[in-house]
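Encoded as structure tokens, the structure appears first; notes follow it.
The values are calculated or read from the model by the stated rules, or taken from the named source; none is laboratory data. Predicted, not measured: the structure shown is a model, and the values here were computed from it. We place every Cβ from the backbone using ideal geometry, glycine too, and count neighbours over all the protein chains shown. SASA here: full protein model, heavy atoms, side chains in, ligands and nucleic acids out. Shrake-Rupley method; radii C 1.70, N 1.55, O 1.52, S 1.80 Å.
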Amino acid sequence: MDAVVERLTEVEEAAEDVLTTKQQIVDLDSKRNKNREALNALKTEMADSEKVKVCFGNMFIKFPKSKTREMIEKDQEQLEKEINDLHKELKAKVNHLNEMQGNPELRGYNLSPLSTGEIKAMNSIFKI
């Protein structure tokens, strides 16, 4: 009986891990969208010579617009990397959870998009 309870606990922990990773992705994606909005506002609403107020923790600091844009773009790159890494982790965690539950591995779940080079090659083959 203890083995059954232990097994159920392991499955529950694996499921919790999957949910936690999904929530991390949602949180990072939300931050990425806010950064995207900020970059768009910087492009359209202000002159390049102006300084902008940037929130760091609980205080606002004036920064040159170009530096602010650079900081946000670097943050975007970091967020993209973290989100991609979490997606890769999530695939492995979901497969592990399915394995623990005795379900077959998800088919088509490990697909990845074509790279730019692969798309160009396909276009040249099909003359698109």
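Listed values, structure above:
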{"item": "Checklist (1) open to solvent by 80 Å² or more (accessible area, probe 1.4 Å); (2) free of Cβ contacts under 8 Å to residues at least 12 places away in the same chain; (3) within 30 Å of Glu13 (Cα to Cα) applied to Gln101, failing item", "result": "(2)"}
{"item": "Qualifying residue in the stretch 30-53 (condition: out of contact with any Ser or Thr (no Cβ under 6 Å at 6 or more places or on another chain), among the polar types (S, T, N, Q), under 30 Å from Leu111 (Cβ atoms) and surrounded by 12 or more Cβ atoms within 10 Å (Cβ to Cβ))", "result": "yes"}
{"item": "The stretch 56-67, residues that are of a type outside the set (D, E, K, R) and open to solvent by less than 70 Å² (accessible area, probe 1.4 Å)", "result": "Ile61, Phe63, Pro64, Ser66"}
{"item": "Breaking point among (1) under 19 Å from Lys74 (Cβ atoms); (2) under 14 Å from the mean Cα position of the chain (by Cα), for Thr21", "result": "(1)"}
{"item": "Residues within the stretch 1-19 that are open to solvent by 50 Å² or more (accessible area, probe 1.4 Å) and within 21 Å of Asn84 (Cβ to Cβ), tallied", "result": "2"}
{"item": "Test: residue in the stretch 105-113 that is under 30 Å from Arg7 (Cβ atoms), in contact (Cβ under 8 Å) with a residue 40 or more places away in the chain and open to solvent by less than 80 Å² (accessible area, probe 1.4 Å)", "result": "no"}
{"item": "Any hit, the stretch 20-28, residues being assigned to a strand (DSSP E or B) and surrounded by 10 or more Cβ atoms within 10 Å (Cβ to Cβ)", "result": "no"}
{"item": "Pairs with Cβ under 7 Å, 6+ apart, first in the stretch 64-82 and more than 18 Å from Val52 (Cα to Cα), second open to solvent by 50 Å² or more (accessible area, probe 1.4 Å) and part of a helix (DSSP H, G or I)", "result": "Leu79/Lys31"}
{"item": "Pair list, Cβ < 9 Å and 6+ apart or interchain, from the stretch 23-50 residues that are charged (D, E, K, R) to residues that are exposed (fewer than 13 other Cβ atoms within 10 Å of the Cβ)", "result": "Arg32/Glu80; Asp48/Ser66"}
